[in-house]
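Novice: Structure in structure tokens, see below.
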Amino acid sequence: MTTRPFLITVLPGDGVGLEVTPEAVKILEVVARCSSRAFEFVEFPIGGVSVDLLGVSMTDECLEHCKKSDAVLLGALGDPKYNHLPPAELPERALLVLRKELNCYANLRPAYEFPGLTDASPLRPELLAGTDFVVVRELTGGLYYGEPRGIDNDRAFNTMVYTRPEIERVAHTAFQVARTRRNHVTSVDKANALEVSRLWRQVVNEVHASYSDVKLDHLFVDNCAMALVTRPNSFDVILTENTFGDILSDEAAVLTGSIGLLPSASIGGDVGLYEPVHGSAPDIAGQGIANPIATILSAALLLRHSANMLDEAQAVEEAVRAILAKGHATPDIMRDGCNAVNTTEMGTLIAEELERSLS
Ligand code: NAD
Ligand code: IPM
Ligand code: MN
């Protein structure tokens with residue numbers, strides 16, 4: 001019996017998304033070549049590129065293809081030339097629709113120390129030592145999706161709303177993730193000011209009753225923002241709502257050296273969505289210097305969470321660590337004594353390292 005290929009929808013998007021996504025595909029092609037698994041890649045424009053070509057930020061055809069795929073790999077969306085548009089028409093809106101339509105309610109953003117990169121971090125090495133945590137960001141609720149929303153002349157409003165089931169399911173994800181790590185969840189909220197956070201804290205405490213082997217503590221989001229830079233190595237799993245998770249994960253990203261390193265997996269629905277934490281980086285787009293590692297590590301998360309290829313996922317992560325440890329660096333992580341490489345050179349170095357380890 002022949003099994004059908006594993007179908008990956010590839011959505012490079014805008015700006016550096018167009019440069020980093022092919023490097024992650026290159027890595028997945030090595031995995032396919034070195035394993036008995038066949039991958040099929042089908043690419044669609046999305047975001048500003050799609051507005052330019054097709055008049056909308058995501059076509060129905062693209063969305064339907066994503067829904068029938070085994071996984072979706074996305075670069076980044078957003079183009080400053082569309083900044084004048086109302087929020088509902090921005091290229092980024094396609095991402096919010098895609099996440100909701102795929103029901104990817106749990107966004108995992110792992111941040112850890114990379115070998116040789118302590119000098120690229122703004123933190124002193126002794127503060128960073130041993131840092132290894134994952135942000136579990138609720139991704140399909142909260143301020144991003146709450147109704148009512150709108151702008152009436154000089155008054156604008158958004159609604160932060162969460163229901164018990166929305167909190168329960170992402171809390172279960174966080175506790176389950178903690179069981180695969182160091183059994184510690186820190187739930188982050190603003191329960192001293194927001195009703196939504198009150199319910200969040202109550203429901204997380206209730207879900208915790210089924211995970212007595214996992215330690216749970218709570219932190220206000222302002223305190224967490226500070227703790228991430230004063231004691232990042234004290235965290236294991238950070239569970240938080242959509243907006244707080246967006247902000248804290250960029251802070252987390254930079255601790256490890258660069259936002260160009262931080263991957264993400266958005267899970268919960270039938271199809272996983274994998275994307276770097278960073279955006280389209282218009283300030284460096286088109287120069288071929290973006291760091292492709294966040295997207296390559298997102299491909300590793302795709303292998304782990306959607307393709308059940310755990311050994312291959314680990315091999316990709318190890319290949320990235322090996323190339324970084326050898327001192328190859330894109331400009332965002334450049335340090336004294338490093339070998340300067342561009343986006344495609346970094347991708348090729350990792351692909352060659354991976355090929356050696358898998359064959
Ligand atoms: P950004 O993440 O695009 O860039 C922030 C900074 O990080 C910039 O200085 C950029 O050069 C740098 N950076 C980002 N990715 C990098 C990489 N791979 N290698 C090296 N340096 C990198 O955030 P922004 O500038 O606030 O947003 C730009 C656009 O991207 C906006 O339109 C925004 O809405 C969009 N955005 C999209 C996503 C996404 O698609 N998931 C995420 C964040 C921002
Ligand atoms: C991210 C981005 C998006 C978000 C934007 C582009 C809507 O910042 O993926 O972190 O806020 O979720
Ligand atoms: Mn963000």
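Laboratory data are not the source of any read-out in this text; all were calculated from the coordinates shown. Not measured: the values here are computed from a predicted model. Cβ atoms come from the backbone with ideal geometry, glycine included; neighbour counts cover every protein chain shown.
Novice: Which net charge results when you count Lys and Arg as +1 and Asp and Glu as -1 among the other residues whose beta-carbon is under 14 Å from that of residue 93? Working shown, then result.
Specialist: Working: positive: 99, 100, 149; negative: 14, 79, 89, 92, 101.
Spelling it out: positives minus negatives among the neighbours equals -2.
Novice: Evaluate segment 241-326: find the radius of gyration of its Cα atoms, find its Kirkwood radius, and give the ratio Rg to Rh.
Specialist: That ratio equals 0.99.
Novice: If you put +1 on each Lys and Arg Cβ and -1 on each Asp and Glu Cβ, how big is the dipole of segment 232-359 around its Cα centre, in Debye rounded to 20?
Specialist: Details: 5 positive and 18 negative charges, 53 e Å.
Once rounded to the nearest 20, the dipole reads 260 debye.
Novice: Which whole-number percent is the relative contact order of the chain (Cα, under 8 Å, 6+ apart)?
Specialist: Values: 785 pairs, mean separation 81.8, N = 359.
Computed value for the chain: 23 percent relative contact order.
Novice: When the dipole is taken about the Cα centre of the chain, and only Lys, Arg (+1) and Asp, Glu (-1) are charged at their Cβ, what size is it in debye, to the nearest 20?
Specialist: Values: 30 positive and 49 negative charges, 163 e Å.
Computed charge dipole of the chain: roughly 780 debye.
Novice: May I ask which residue of 245, 49, 285 lies farthest towards the positive end of the charge dipole of the chain, with charges of +1 (Lys, Arg) and -1 (Asp, Glu) on Cβ and the Cα centre as origin?
Specialist: Working it through, the farthest residue towards the positive pole turns out to be 245.
Novice: In this model, which of 26/215; 26/68; 67/190; 67/326; 26/67; 190/215 are farther than 31 Å apart at the alpha-carbon?
Specialist: In this structure, 26/215; 67/190; 67/326 lie more than 31 Å apart at Cα.
Novice: Continuing with the same structure: When only Cα pairs under 8 Å and 6 or more residues apart are kept, what is the percent relative contact order across segment 39-140? Don't jump to the answer; show the numbers that get you there.
Specialist: Working: 106 pairs, mean separation 24.7, N = 102.
Rounded, it is 24 percent for segment 39-140.
Novice: Percent of Cα-Cα pairs more than 36 Å apart in the chain, please. All intermediate terms of the calculation are to be shown ahead of the outcome.
Specialist: Numbers: 11954 of 64261 pairs.
Summing the P(r) tail past 36 Å for the chain gives 19 percent.
Novice: May I pose another question? What is the distance in Å between the Cα centres of segment 339-359 and segment 221-280?
Specialist: 26
Novice: Hey, any idea what Rg/Rh is for segment 1-81, computing Rh the Kirkwood way over Cα pairs?
Specialist: Over the Cα atoms of segment 1-81, Rg/Rh equals 1.03.
Novice: In segment 122-255, if the dipole is taken from +1 on Lys/Arg beta carbons and -1 on Asp/Glu beta carbons about the Cα centre, which of 173, 211, 145 is farthest to the positive end?
Specialist: 211
Novice: Continuing with this model, one more query. Using a ≥ b ≥ c from the Cα gyration tensor of segment 122-255 (square roots of the eigenvalues), is it rounded, prolate or oblate, where a/c under 1.5 gives rounded and otherwise the larger of a/b and b/c decides, a/b for prolate?
Specialist: Working: a/c = 2.33, a/b = 1.32, b/c = 1.77.
Oblate, because a/c is 1.5 or more while a/b does not exceed b/c.
Novice: OK, next. Between the alpha-carbon centers of segment 291-314 and segment 105-169, tell me the distance in whole angstrom.
Specialist: If you average the Cα positions of each part, the centres end up 20 Å apart.
Novice: Which FRET efficiency value, to the nearest 0.05, do you get for residue 213 and residue 314 by plugging their Cβ-Cβ distance into 1/(1 + (r/R0)^6) with R0 = 30 Å? Show your work: numbers first, answer last.
Specialist: Details: r = 24 Å, r/R0 = 0.81.
About 0.75, to the nearest 0.05.
Novice: Using 0.36 nm times the number of residues separating residue 126 and residue 149, minus their current alpha carbon distance, what extension gain do you get? Kindly include the intermediate steps, with their values, before the conclusion.
Specialist: On the way: separation 23, 0.36 × 23 = 8.28 nm, distance 4.46 nm.
Roughly 3.8 nm would be gained on extension.
Novice: Among the helices of the chain (complete DSSP H runs), which have Cα atoms covering no less than 15 Å along the helix axis and a Kyte-Doolittle mean of at least -0.5?
Specialist: Working: long enough: 17-34 (26 Å, 0.74); 164-179 (22 Å, -0.53); 195-208 (20 Å, -0.52); 242-255 (20 Å, 0.49); 293-305 (18 Å, 1.57); 310-325 (22 Å, 0.47); 343-358 (22 Å, -0.14).
The answer, listed by residue number, is 17-34, 242-255, 293-305, 310-325, 343-358.
Novice: So, one more: Net charge near residue 330, counting Lys/Arg +1 and Asp/Glu -1 over other residues with Cβ under 13 Å of its Cβ? Write out the running numbers ahead of the final one.
Specialist: Values: positive: 335; negative: 19, 23, 332, 345.
Combined, the nearby Lys, Arg, Asp and Glu give -3.
Novice: By how many nm would the segment from residue 344 to residue 97 lengthen if fully extended, with 0.36 nm per residue of separation less the alpha-carbon distance? Walk me through the numbers before you get to the answer.
Specialist: Numbers: separation 247, 0.36 × 247 = 88.92 nm, distance 3.04 nm.
Length gained, residue 344 through residue 97: 85.9 nm.
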